[in-house]
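The values are calculated or read from the model by the stated rules, or taken from the named source; none is laboratory data. None of the values given here were measured: they were computed from a predicted structure. Using ideal geometry, Cβ is built from the backbone for each residue, glycine included, and neighbour counts are taken over all protein chains shown.
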Amino acid sequence: MRMMCLMVDERNGSESTTVVDRSEGFGERLLGSLIDRAHRMPPHMIAPLIEQEIAIIGGRDVEVLLQDYDQMTLVPLPGERLMMGGPQAIDETSAGRAFKTDVIIEEAQSDGVRLFVPLLDGTDRVGVLAFTLDSVDEHDLRLSRRLAGLVADMLITKSMYTDRFFQARRRQPMSLSAEMQWQLLPPLMMSTPQVAIAGALEPAYDVAGDSFDYALNDNVLHLAMIDAMGHGLGAAVMATLAMGAYRHARRLDVGLDQLYAAMDEAVAGQFGADRFVTAQMARLDVRSGLLQWVNAGHPTPLLLREPDLVAELTSPTTLPVGFGGATPVISERSLERGDRVLFFTDGVIEEDRTSGGVSGETRLRNLVEQIGANRDSVQETVRLLSRALMLERGGVTSDDATLLLLEWRGGTAAHLAPIDEAASPAG
């Protein structure tokens, strides 16, 4: 089927006719079949649907690998017609390389080529889709990448009304407090041409009082990091309330000082004067790079620049949330393109089991510069930093340790959807 489009040349006012081919090609049939069937398909039937779609392009031995909560392992998703191998270490396998780099990895085998295709929900890493083809060309790679994008979106959508995908990601029991915190979190990674942000929490299966949040509203990135007093379920409940109050106030478009006031009122009203939450709230203008923040008893964030630690972003601080402190002072810093800012909770620097007397602050700075020298993506940097800090603590921790890494890129997203050309049928 062909459609006739009337085009107007704005230079001379003349009209021309363009023929748009609307017939269904192989790629559209492949992806369209997946979309059409997935709408009403129950979650447990997603696995055979994926296998069928891969078979259409000649693929076999299909495996869906999901990210474990510790961000160090990929675990297989059980399902009819899917391969069920063992867990795969992100830092040691081809599947892990695809996951870390967001690039399709090809691995030659005796019976063909095994592809490891990143499963990306937007820019958030879900896992890896693996399957084997007899041979691979550019068309296979293009279709595989787009098919994996649809599979990732389906997994996220279906996970909203099933527990099976969450269960598949777990390699050990999770505490109730950790369950609450993971449900509270936004995606661990968000990336645009203007800004990127990524976070990590330890201990992944027993975190309680730490949390973070972010939202990109037009040209402003909002973010918050909190650390609720105590451990276990009580800390998780208080953190949930504090973060709920933050989101509620943020969605009313109030200033940073009013965000503090809203959180302070909520925590004090429910927990009384002897319970508190340390907090840091910030906003970044993604066009200019102007960073503004307020501090309520939280550790000072670090500014990194290619790849050295440049400065501590010191600022006046008010009392933690819940204590009814003075109106916080809003601090400002103009970032340069490529600058990164690391926010963290006190569990990152307070506990030390292996460093031979080196302070937690010094250990953190050393690791930040060492890992930052690789100039990996923000998600890979924060993942490696979180793991290195856990190893420095002897693999255990008595307190939550949370990281949130922000990068201002200073780019533009205009090329992704040219607004001036949006009305043009050929645009």
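Assorted remarks:
- Considering only residues in the range 129-141 that are in contact (Cβ under 8 Å) with a residue 12 or more places away in the chain and over 22 Å from the mean Cα position of the chain (by Cα), the one that is nearest to G86 (Cα to Cα) turns out to be F131.
- Top-ranked residue of the range 27-40 - restricted to ones that are exposed (fewer than 14 other Cβ atoms within 10 Å of the Cβ) and not charged (D, E, K, R), ranked as farthest from the chain's Cα centre (by Cα): G32
- Any hit, the range 202-210, residues being part of a strand (DSSP E or B) and closer than 22 Å to L259 by Cβ: yes
- Residue under evaluation F131, criteria (1) out of contact with any strand residue (DSSP E or B) (no Cβ under 8 Å at 6 or more places or on another chain); (2) surrounded by 20 or more Cβ atoms within 10 Å (Cβ to Cβ); (3) under 19 Å from L74 (Cα atoms), criterion not met: (1)
- Selected residue (criterion: surrounded by the fewest Cβ atoms within 10 Å (Cβ to Cβ)) from residues of the range 165-196 that are under 12 Å from the mean Cα position of the chain (by Cα) and either of a type in the set (A, V, I, L, M, F, W, C) or more than 23 Å from D400 (Cα to Cα) (or both): L185
- For the range 284-304, the set of residues classified as surrounded by fewer than 16 Cβ atoms within 10 Å (Cβ to Cβ) and in a strand (DSSP E or B) consists of L290 only.
- Taking the range 305-324 as the range and being part of a loop (DSSP other than H, G, I, E, B) and in contact with a Gly (Cβ under 8 Å, 6 or more places away or on another chain) as the test, the residues that pass are E306, P307, T318, L319, P320.
- Residue match in the range 126-133 (condition: at pLDDT below 95 and either at positive phi or out of contact with any Asp or Glu (no Cβ under 6 Å at 6 or more places or on another chain) (or both)): yes
- Candidate set from the range 57-113 (those that are of a type in the set (S, T, Y) and touching a strand residue (DSSP E or B) at 6+ places or on another chain (Cβ under 7 Å)); member that is surrounded by the fewest Cβ atoms within 10 Å (Cβ to Cβ): S94
- So V126, is it hydrophobic (A, V, I, L, M, F, W, C), within 14 Å of the chain's Cα centre (by Cα) and assigned to a strand (DSSP E or B): yes
- Among the residues of the range 225-247, at least one is assigned to a strand (DSSP E or B) and either without any contact (Cβ under 8 Å) to a residue 40 or more places away in the chain or not aliphatic (A, V, I, L, M) (or both).
- Close pairs from the range 398-412: first touching a residue at least 24 places away in the same chain (Cβ under 8 Å), partner of a type in the set (D, E) and not in a loop (DSSP other than H, G, I, E, B), Cβ under 6 Å, at least 6 apart: D400/D210; A401/E202; T402/D210
- Considering the conditions (1) modelled with pLDDT of 95 or more; (2) farther than 20 Å from L309 by Cα; (3) surrounded by fewer than 15 Cβ atoms within 10 Å (Cβ to Cβ); (4) not polar (S, T, N, Q), I330 is excluded by exactly one of them, (3).
- Single unsatisfied condition, S211 versus (1) assigned by TED's automatic domain parsing to the domain that holds G289; (2) over 18 Å from the mean Cα position of the chain (by Cα): (2)
- Selection within the range 357-406: residues that are among the acidic types (D, E) and more than 21 Å from Q280 (Cα to Cα). The member of this set that is modelled with the lowest pLDDT is E392.
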